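Asks: Structure below; questions to follow.
Where a number appears in this text, it was derived from the coordinates with a stated rule and is not lab data. Here the structure is a predicted model, which means the values were calculated and not measured.
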C-alpha cells in the first residue's frame, strides 16, 4: 500500500473504486483468473457501499484484495497493487471514513489522567511517534528511570498502536501488545490513560451557515489568532457541540477546574483554549456559536499556564454584602456585558492583568472589546 493514502473519506473510496474497476476492465478479466477474482471483489465492494450504505462487519471481512494484490500484482503493476490494497484496507474500516470529500485531518493523542491531563500530541499522516515516561517523542509523567511505552502512527483512517517491550497496553478496554484506535478510542500505558481523537471528525447535526455578525467577529479576531496571541474560554455547559469542537482540535485546551473534583464536571466546565494559526477551530467556534453565548475571547502574550492561573482566580468571588463566595461566570458574554458596567477601575485592572483585551458578543451581535 502507498505511504500516502488517497482514501480519506467515503467519496474518495467511491472514486478510487471506480478507477480500479476501470483499470481491471482494461486488463480484460476474461484472460486471467486472478483478474476475475479482483473484478468480483470490486463489484462486491461497489454493491455493499452503494447509495450511502455502510457494510456490516461480516460483509467487510469477506474481501481479500489486499493480500491478493501484494502477493500477485506487486511486481507486475505496483501502482495497481497499491490501489487494491488501499481499497481493501479502507473497506474493512469503512465506518471510520467520514462522509463527503477527502480532507487531511490530523490525529490527536490526548493525556486523559494525571497531572499532565489535557496535553496533546499532534499526529501527522504516516509519522510514527513514541510515547513514554522517558526517551520518547512525547514524555508524560516524566521519570528519569522510565522508558518509551508505545509507538503510535496515524494513517488518516486509523491510529496504529504498538507497545514497547516490556510494557503491555490496554486498548479500548482489552489488554494487548498492539491494536488500532478510532476517534475517541483510548489506550492505557502504565498508570496513564490517553484518548485518541481525529481533528474536526464529528459533523454538526445540521449545516452551519455564517451570519454577517459571525463573519464580522471572525474578521476582527483572525489577525490575533494568526499572531498567536488569541485565547478563548469556552463554556461546555452552553453546548455539547462547543466541547466536541474543542476536543477534536489540535489547539491546546484545559478545564479551568482543577483536581479530581474538577474532572467530575468535565461536561459542563469552562475550558481555556489557545488558538493555533494552522487550525480551523476559531472559524468553527465563531460561526457555530456566535449569538448563543458559548464563551469569550482573550488576547495575551503570556503562555497557556500563566493565562489559566490568572483566570482561575475569578471562578469564585466575594460579592459585596454576601456572606458566601459566589461563582463568577465571567466567561459568559451575557454576564460580562452586565458586569463591565459596574466594575470599579481596580476590578477592571485586576481582571485584565496580563491580558491585552477581552472580546465578547454584545446583545446586538457585535464584537465588544474590554481593554
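Asks: Nearest 10 degrees is fine. How inclined is helix 78-92 to the longest principal axis of the chain, computing both from alpha carbons?
Replies: For 78-92 against the chain, the angle is about 60 degrees.
Asks: Please give the helix 33-48 orientation as an angle from the longest Cα principal axis of the chain, in degrees from 0 to 90, rounded to the nearest 10.
Replies: Compared with the principal axis, the helix lies near 40 degrees.
Asks: Where Rh is the Kirkwood radius over the Cα pairs of region 46-103, the temperature 20 °C and the viscosity 1.002 mPa s, what D in µm²/s does Stokes-Einstein return?
Replies: Rounded, D is 174 µm²/s.
Asks: A follow-up question, please. Counting DSSP beta bridges in the chain, what percent are antiparallel, to the nearest 5?
Replies: Around 95 percent of the beta bridges assigned by DSSP in the chain are antiparallel ones.
Asks: Once you keep just the Cα pairs under 8 angstrom separated by 6 or more residues, what percentage relative contact order results for the chain?
Replies: 11 percent
Asks: Two decimals is fine: what is log10 I(q)/I(0) at q = 0.12, 0.14 Å⁻¹ for the chain, from a Debye sum with one equal scatterer on every Cα and no solvent?
Replies: Log-scaled intensity ratios, in q order: -0.98, -1.18.
Asks: Does anyone have the angle between helix 212-226 and the longest principal axis of the chain? Alpha-carbon axes, 0 to 90°, nearest 10?
Replies: 90 degrees
Asks: Let me ask something additional. Just 251, 266, 28 to compare: in a GNM of the chain, with alpha carbon springs under 10 Å, which one fluctuates most?
Replies: 28
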